[in-house]
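Asks: The following block contains the structure, expressed as structure tokens.
The values are calculated or read from the model by the stated rules, or taken from the named source; none is laboratory data. Remember, predicted model here, so these are calculated numbers, not experimental data. We place every Cβ from the backbone using ideal geometry, glycine too, and count neighbours over all the protein chains shown. Side chains included, ligands, DNA and RNA excluded: accessible areas come from the protein's heavy atoms. Shrake-Rupley method; radii C 1.70, N 1.55, O 1.52, S 1.80 Å.
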Amino acid sequence: MSKILLKDALACEPGRISRQCILIEDGRISKIAPEINSPADEVIDCHELLALPGMIDAHVHFRQPGMEQKANIHSESRAAVLGGVTSFMEMPNTLPATTTMDLVRQKQDIAAHESPANYAFYLGAGTDNLEEIKKVDVTSVPAVKVYMGSTTGNLLLDDEHHLYQVFKNSPLMICAHCEDNALINKATKLAKETYGDDIPFSMHPIIRGRDCCLRSAKLAVNTALDTDAHLHIMHLSTREETALLDYFSKVPLKERQITAEACISHLFFSEADYERKKGFLKCNPSVKTEADRRALIKGIKSGAITTVGTDHAPHELKVKTGTYLNTASGMPSVQFALQALIELWLRREITLEELIAVSSKNPAELYQIKDRGALKEGYFADIALVNLYKPCMVGKDNIASLCGWSPFEGFRFSSSIVHTIVSGNLVVKNGRLTENGCGRALYFERG
């Protein structure tokens, strides 16, 4: 492993931002100081660059195994590091669904050889794997994922008895997808009666509306409170859910029982974008109003929303360009997530401190990831180096996801990700992959 010296970077350390040199040895940050003259295998002039802790994306779908026509761990982890995402946690709704530790280990083995990013894989909760959940390896699995709304495979858990048992018996945090299927089915039926086969995409936030999210979120919160489970509600999309979670935001993160995530799609887009993007904006939960988007931003500021992920969910073009009912839900966003957050900072919607908190510091603290999530001596060197003065236009030529499209296509970001360092490996140099080693399995420091 090479020794790397970052010279004169604008370093975002915990509690301060200053001009610093950063020395990286044996995969970790060994020294941060205004001047470092130690010899190194690679010296990078960072005078024009902002050094951020790499983004920890705790919510991705890389589709392997079973759906490799859409994406795979090899392709999507490369898209991740090109965007300054240094660690990912991948969801269990693959084929087969990841409902046993053996299946988790199979994914870990693939990532160990294929992924330049650090990695971990969720265990999915079904109706028949409670014993697997009870014996989950708490040091290698980030959380147990519960789908309370429709999903791929056999992971739907909308029976309250089974839901209660999973919440009561899980030794890990529960990460929940909260949508109410009965309300969705009722709204879909009404839309079919009204529009036939020509349902406009603008109906998506009505069919999968705020009531279906809020009803399910309340059920999850009440079940967590009844069972003393630690609950993390994923991809909030409404102002009502944010208000519900605000009640818990006064408790320090390490002691908080109920936490929440927002995703890039809901922070960056609104229902006004359906007319232009149509099926490319279709995701679950749906992108809703500008007022909801602003409420999510406010939730970051209040602490009601503790982490930001992507729900990166690539689909091949042919299943994103049909009619509403035939168009798959989900969008790829891991490659441009950090730039999108930077854009929100440059627009003064969030502060740089809030950006770092939701993208790296809080995920590391919430999931108890050892020695990651900050630029700090002794921590693993997971670093994104960003040029704030070099714009980046998203187009077919720079989209790395296997699906070949992005909801950001045609958008001009104000910043560019120049270099990415993962566990001390320079995996992206001057915007290009280097193939310098693989990432490491994330280790969760739990009792």
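Asks: Between N398 and Q69, what is 0.36 nm times their sequence separation minus the Cα-Cα distance? Round to one decimal in nm.
Replies: 116.5 nm
Asks: Next question. Percent relative contact order of region 52-127, based on C-alpha pairs within less than 8 angstrom and at least six residues apart?
Replies: Over region 52-127, the number comes to 36 percent.
Asks: Also, quick follow-up: Rounded to the nearest 10 degrees, what's the angle between the helix 290-302 long axis and the longest principal axis of the chain, both from Cα atoms, 0 to 90?
Replies: Between helix and principal axis, roughly 50 degrees.
Asks: To check you understand DSSP bridge types, tell me what percent of the beta bridges within region 1-132 (both residues inside) are antiparallel, rounded to 5.
Replies: Once the DSSP bridges in region 1-132 are tallied, antiparallel ones form about 50 percent.
Asks: While we're on this one: Mean-square fluctuation check for the chain, GNM, Cα pairs under 10 Å: which of S202, S38, S359 is largest?
Replies: S38
Asks: With every protein chain present, what is the per residue accessible area of the chain (1.4 Å probe, Å²)?
Replies: 38
Asks: Also, quick follow-up: Net charge within 12 Å of A40 by Cβ-Cβ distance, Lys/Arg positive one each and Asp/Glu negative one each, not counting A40 itself?
Replies: On the way: positive: K3, K7, K31; negative: E25, D41, E42.
Spelling it out: positives minus negatives among the neighbours equals 0.
Asks: Just to be sure I understand: of the beta bridges DSSP finds with both ends in the chain, what percent are antiparallel, rounded to 5? The partial results should precede the final answer.
Replies: On the way: 31 of 65 bridges.
Around 50 percent antiparallel, to the nearest 5.
Asks: OK, next. Using 1/(1 + (r/R0)^6) with R0 = 45 angstrom and r between the beta carbons of D45 and L253, what's the FRET efficiency to the nearest 0.05?
Replies: Working: r = 36 Å, r/R0 = 0.80.
Plugging the Cβ-Cβ distance into 1/(1 + (r/R0)^6) gives 0.80.
Asks: Given a 1.4 Å probe and every protein chain left where it sits, what share in percent of the accessible area of the chain is carbon and sulfur?
Replies: 49
Asks: Next up: Set the Förster radius R0 to 22 Å, insert the Cβ-Cβ distance between E35 and L433 as r into 1/(1 + (r/R0)^6), and round the FRET efficiency to 0.05.
Replies: FRET efficiency, E35 to L433: 0.10.
Asks: Another question about this same structure. Ranking request for peptides 425-435, 121-131: highest mean number of other beta-carbon atoms within 10 Å first, then the rest in descending order.
Replies: Highest mean packing first, the order is 121-131, 425-435.
Asks: What shape does region 90-195 have by the C-alpha gyration tensor, where a ≥ b ≥ c are the square roots of the eigenvalues, rounded means a/c under 1.5, and otherwise prolate means a/b greater than b/c and oblate the rest? It would help to have the intermediate numbers written out before the result.
Replies: Numbers: a/c = 2.82, a/b = 1.61, b/c = 1.75.
It is oblate, given that a/c is not under 1.5 and a/b is not larger than b/c.
Asks: Moving on. On a 0 to 90 degree scale, rounded to 10, what angle separates helix 210-227 from the longest Cα axis of the chain?
Replies: Compared with the principal axis, the helix lies near 80 degrees.
Asks: If you don't mind, there's one more thing I want to ask. Taking 0.36 nm per intervening residue step and subtracting the Cα-Cα distance, what contour gain separates D109 from I206 on full extension?
Replies: Between D109 and I206, full extension yields an extra 30.8 nm.
Asks: Something else now. Restricting to DSSP H runs of at least four residues, report the calculated mean residue ellipticity at 222 nm for the chain, -39500 (n - 2.57) per run over all residues, nearest 500 deg cm²/dmol.
Replies: -8000 deg cm²/dmol
Asks: GNM on the chain, C-alpha springs below 10 Å: top fluctuator among S401, S302, S237?
Replies: S302
Asks: Does anyone have the angle between helix 181-195 and the longest principal axis of the chain? Alpha-carbon axes, 0 to 90°, nearest 10?
Replies: 70
Asks: While we're on this one: Arranged from highest to lowest average of other beta-carbon atoms within 10 Å per residue, in what order do the peptides 345-353, 320-328 appear?
Replies: 320-328, 345-353
Asks: Next question. Where a Cα-Cα gap under 28 Å defines reach, which lysines qualify for K376, not counting those fewer than 8 residues away within the same chain?
Replies: K3, K7, K31, K250, K254, K301, K361, K390, K429
Asks: Taking the Cβ of Q108 as the center, what net charge do the other residues with Cβ under 15 Å away carry, scoring Lys and Arg +1 and Asp and Glu -1?
Replies: -2
Asks: Same structure again: Greater than 31 Å separation of Cα atoms is the criterion. Which listed pairs, K135/K370; K145/K282; K135/K288; K282/K396, meet it?
Replies: Distance filter (> 31 Å) returns K135/K288.
Asks: Along the Cα-to-C-beta direction of A243, a point sits 7 Å from the Cα; which residues of region 289-321 have their amide N less than 18 Å from that point?
Replies: Within reach of a label on A243, which here means backbone N under 18 Å from a point 7 Å along Cα→Cβ, region 289-321 contributes 289-305.
Asks: Let me ask something else about it. Taking every pair of alpha-carbon atoms in region 184-320, give the share separated by more than 18 Å as a whole percent.
Replies: In whole percent, the share of Cα-Cα pairs in region 184-320 beyond 18 Å is 57.
Asks: Assuming 0.36 nm per residue, please report the length gained on full extension of the stretch S302 to E353 beyond their Cα-Cα distance. Before the final figure, lay out the partial values.
Replies: Working: separation 51, 0.36 × 51 = 18.36 nm, distance 1.29 nm.
Using 0.36 nm per residue and subtracting the Cα-Cα distance, I get 17.1 nm.
Asks: Which residue, chosen from I206, C438, A117, occupies the Cα position most advanced towards the positive end of the dipole of the chain, where the dipole is computed from +1 (Lys, Arg) and -1 (Asp, Glu) charges on Cβ about the Cα centre?
Replies: The listed residue farthest towards the positive side: I206.
Asks: To the nearest 20 debye, what is the magnitude of the charge dipole of the chain about its Cα centre, counting +1 on the Cβ of each Lys and Arg and -1 on the Cβ of each Asp and Glu?
Replies: So the dipole magnitude of the chain works out to roughly 640 debye.
Asks: Averaged across orientations, what area in nm² does the convex hull of the alpha carbons in region 267-318 project?
Replies: If you wrap the Cα atoms of region 267-318 in a convex hull and average its projections, you get 4.0 nm².
Asks: Take the Cβ-Cβ distance between A182 and E409 as r, set R0 to 51 Å, and report the resulting FRET efficiency rounded to the nearest 0.05.
Replies: About 0.90, to the nearest 0.05.
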